[in-house]
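Novice: Attaching a single structure in structure tokens format; questions to follow.
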Amino acid sequence: MAAPAAHGRWLLHRAAKPVLFALCLLPLCWLVLGAATGGLGANPAERLIRSTGDWTLRLLCLTLAVTPLRKLLALPQLARFRRMLGLFTFAYAVLHLLCYAGFDMGLDAADIAHDIAQRPFILVGMSTFALLLVLAVTSFQPLLRWLGGRRWQRVHRLVYLAACLALLHFFWMRAGKRDFAEVLLYGTIVAALLLARVLLWLRAAPGAQGRRFLRKT
Amino acid sequence: MRARHSSDGFDPPVPSEITPAATYARRREWLQAVAGGALLASLAGRGARAQGARAGKLAPLAAKPSAVAGAMTMEKPTSYQDATHYNNFYEFGSDKSDPAEFAYKMKTRPWTVEVGGLVNKPRTFDIDDLLKLSPMEERIYRLRCVEAWSMVIPWIGYSLSALIERVQPQGSAKYVQFETLADRATMDGVRGNILQWPYTEGLRLDEARHPLTLLAFGMYGEVLPNQNGAPVRVVVPWKYGFKSAKSIVRMRFVEKEPGTAWNIAAQHEYGFYSNVNPDVPHPRWSQATERRIGEDGLFARRRKTLPFNGYADQVAGLYAGMDLKKFY
């Protein structure tokens, strides 16, 4: 890898990670404050469930944006924020799940099991959560070393599947009211980020595999 | 701060009291005190926009408590604020805060309702004629949305049957279809294609004639706010909320089951009947339970949803012999 680009030196500042950490906590603070002051509208439980879901999706997009941006902007320093963003994605997913389980299901395991069986979009949401759980657990250095870099990378490609499932979950939820504007927005973002990866991979792999692919298409 | 209807010993909460009159009067004084300044001009503009938003803001609509069986639930009414700021009215946008924000654009006068189809006396009613057609009653109904939340609303109006008798449906009329306003100039939502516009709904004629089926003009002691379906709507308390068409401009009596907006949009999810039924789940919302808006804060347990939204004693007979899982 080339030496870190000079224009990205500020990203290496000691305060950069704590600042990002604080920024990622802001939505949570805002929701807690709203819940405490009655500022979440007529249906605060629904607002909490939906907002934590929205933030999971937003952070997932941000996490997926790190690698393409790092390469496109020649800012290798960005890589040091990827794990934190990924773990915050997982943290908001945990909150999303807890809000659903608590507010909608009264923390009743039997009700939740029944709901998963009955409503496909809940099943998809749970599957997404299971994938994010795998990614979160394997995100720490000792596990990376234990798995070995290549295997670790293969496991973490599951994030693409998680993003697609999260979109399906969101789409299915909105399909009830046929309101697809936001789904389309997030879908476009995720598609653009995945496409960027494909293009970068094609550019970076001028070897046999890449050329064969290019000739075929 | 409750007015008592001592005549029957029953104590229905009177909604116009939710924002105490004194509080409201103080706000008025304050507004008047500031009127005149440049700052004031902008404040007044904001005040006018928020008009539908407060009890005590709209014209009062006098009514007597209804004597119709089942029309006066003792449950605590939802706050006016919640009932007017958490609405589905897709003509104004799909977010539940959109109607409160944008419905002020709708013009509710002049307003006519064209009633026709298979009737002997088709007629276009002016809204003022409709207001005088039958004595106004206050009815406190549970409202159950298909999205699994519920409210309790004190409506004002009279049984739709009073209007139906005036136009004299012919023997061949089996259904009535409602068509609601779809005005591109004042309703941004109808530019999108989430639903087929104008929004249509329908009832079987015996459902429409049931005394609980209300033609509503007001709520909480006042005329309807725009976001709740001004100036005239129907309220069918044993069906999911979307069956209760708002801001109605046309009623047609027909022989065949008419198309209804949500049924056309997603046939498998929204049936023509759409009676509240905890045993028929929706793919996105369990219908077994519901969240009562404004009840006991965030950690309140959800309520069990009742068949026909608790109106089974009054309406179950309409569906005798029908498989309600098939005719959902």
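Novice: Taking the stretch A:40-78, which residues are small (Gly, Ala, Ser), over 21 Å from residue A:24 (Cβ atoms) and within 14 Å of chain B (Cβ to nearest Cβ)?
Specialist: A:41, A:42, A:45
Novice: Also: Taking the stretch B:288-310, which residues are within 14 Å of chain A (Cβ to nearest Cβ) and in a loop (DSSP other than H, G, I, E, B)?
Specialist: B:288, B:293, B:294, B:295, B:296, B:297, B:298, B:299, B:300, B:301, B:302, B:305
Novice: Residue B:243 is checked against (1) charged (D, E, K, R); (2) closer than 18 Å to residue B:324 by Cα; (3) within 14 Å of chain A (Cβ to nearest Cβ) and fails just one. What number does that condition carry?
Specialist: Failed condition: (3).
Novice: Which of the residues spanning the stretch B:201-243 are part of a helix (DSSP H, G or I) and within 21 Å of residue B:80 (Cα to Cα)?
Specialist: B:226, B:227, B:228, B:241, B:242
Novice: For residue A:133, indicate whether it is of a type outside the set (S, T, N, Q) and under 27 Å from residue B:283 (Cβ atoms).
Specialist: Yes: the conditions hold for residue A:133.
Novice: Given the stretch B:82-178, what strands (runs of 3 or more DSSP E) lie entirely inside it while holding 2 or more residues that are farther than 26 Å from residue B:190 by Cβ, β-branched (Val, Ile, Thr) and touching a strand residue (DSSP E or B) at 6+ places or on another chain (Cβ under 7 Å)? Outline the logic, then answer.
Specialist: Numbers: elements: B:112-117, B:123-126, B:137-144, B:149-159.
In the stretch B:82-178, B:149-159 are the strands (runs of 3 or more DSSP E) which contain 2 or more residues that are farther than 26 Å from residue B:190 by Cβ, β-branched (Val, Ile, Thr) and touching a strand residue (DSSP E or B) at 6+ places or on another chain (Cβ under 7 Å).
Novice: Regarding residue B:139, is this residue under 28 Å from residue B:278 (Cα atoms) and at pLDDT 95 or above?
Specialist: So residue B:139 passes the test.
Novice: Ok, one more. Just one of (1) charged (D, E, K, R); (2) within 14 Å of chain A (Cβ to nearest Cβ); (3) touching a residue at least 60 places away in the same chain (Cβ under 8 Å); (4) surrounded by fewer than 16 Cβ atoms within 10 Å (Cβ to Cβ) trips up residue B:313, so point out which.
Specialist: (2)
Novice: Can you find even one residue in the stretch B:207-219 that is in contact with a strand residue (DSSP E or B) (Cβ under 6 Å, 6 or more places away or on another chain), more than 17 Å from residue B:61 (Cα to Cα) and not β-branched (Val, Ile, Thr)? Give the derivation first.
Specialist: Taking the stretch B:207-219 first, the residues in contact with a strand residue (DSSP E or B) (Cβ under 6 Å, 6 or more places away or on another chain) are B:208, B:211, B:214-219.
If we keep only those that are more than 17 Å from residue B:61 (Cα to Cα) as well, we get B:208, B:211.
Checking the rest, the ones that are also not β-branched (Val, Ile, Thr) come to B:208, B:211.
So far as the stretch B:207-219 goes, yes, one or more of its residues are in contact with a strand residue (DSSP E or B) (Cβ under 6 Å, 6 or more places away or on another chain), more than 17 Å from residue B:61 (Cα to Cα) and not β-branched (Val, Ile, Thr).
Novice: Would you mind stating whether residue B:69 is over 30 Å from residue A:178 (Cα atoms), buried (at least 18 other Cβ atoms within 10 Å of the Cβ), touching a residue at least 12 places away in the same chain (Cβ under 8 Å) and more than 10 Å from chain A (Cβ to nearest Cβ)?
Specialist: No: the conditions fail for residue B:69.
Novice: Now a separate question. How about the stretch A:106-159: which of its residues are assigned to a loop (DSSP other than H, G, I, E, B) and within 14 Å of chain B (Cβ to nearest Cβ)?
Specialist: Passing the criteria: A:106, A:107, A:108, A:119.
Novice: Here's something else I'd like to know. Which residues, counting only those in the stretch B:275-287, are in a loop (DSSP other than H, G, I, E, B) and more than 9 Å from chain A (Cβ to nearest Cβ)?
Specialist: B:276, B:277, B:278, B:279, B:280, B:287
Novice: When the stretch A:160-184 is examined, which residues are found to be more than 14 Å from chain B (Cβ to nearest Cβ) and surrounded by fewer than 18 Cβ atoms within 10 Å (Cβ to Cβ)?
Specialist: Across the stretch A:160-184, the qualifying residues are A:160, A:161, A:164.
Novice: For residue B:246, all conditions in the list (1) assigned to a loop (DSSP other than H, G, I, E, B); (2) out of contact with any Pro (no Cβ under 8 Å at 6 or more places or on another chain); (3) surrounded by fewer than 23 Cβ atoms within 10 Å (Cβ to Cβ) hold save one; what is the number of the exception?
Specialist: The single condition residue B:246 does not satisfy is (3).
The values are calculated or read from the model by the stated rules, or taken from the named source; none is laboratory data. Just so it is clear, the model here is predicted, and its values are computed rather than measured. Quick reminder, even Gly has a Cβ in these numbers, built from the backbone with ideal geometry, and neighbours come from all protein chains shown.
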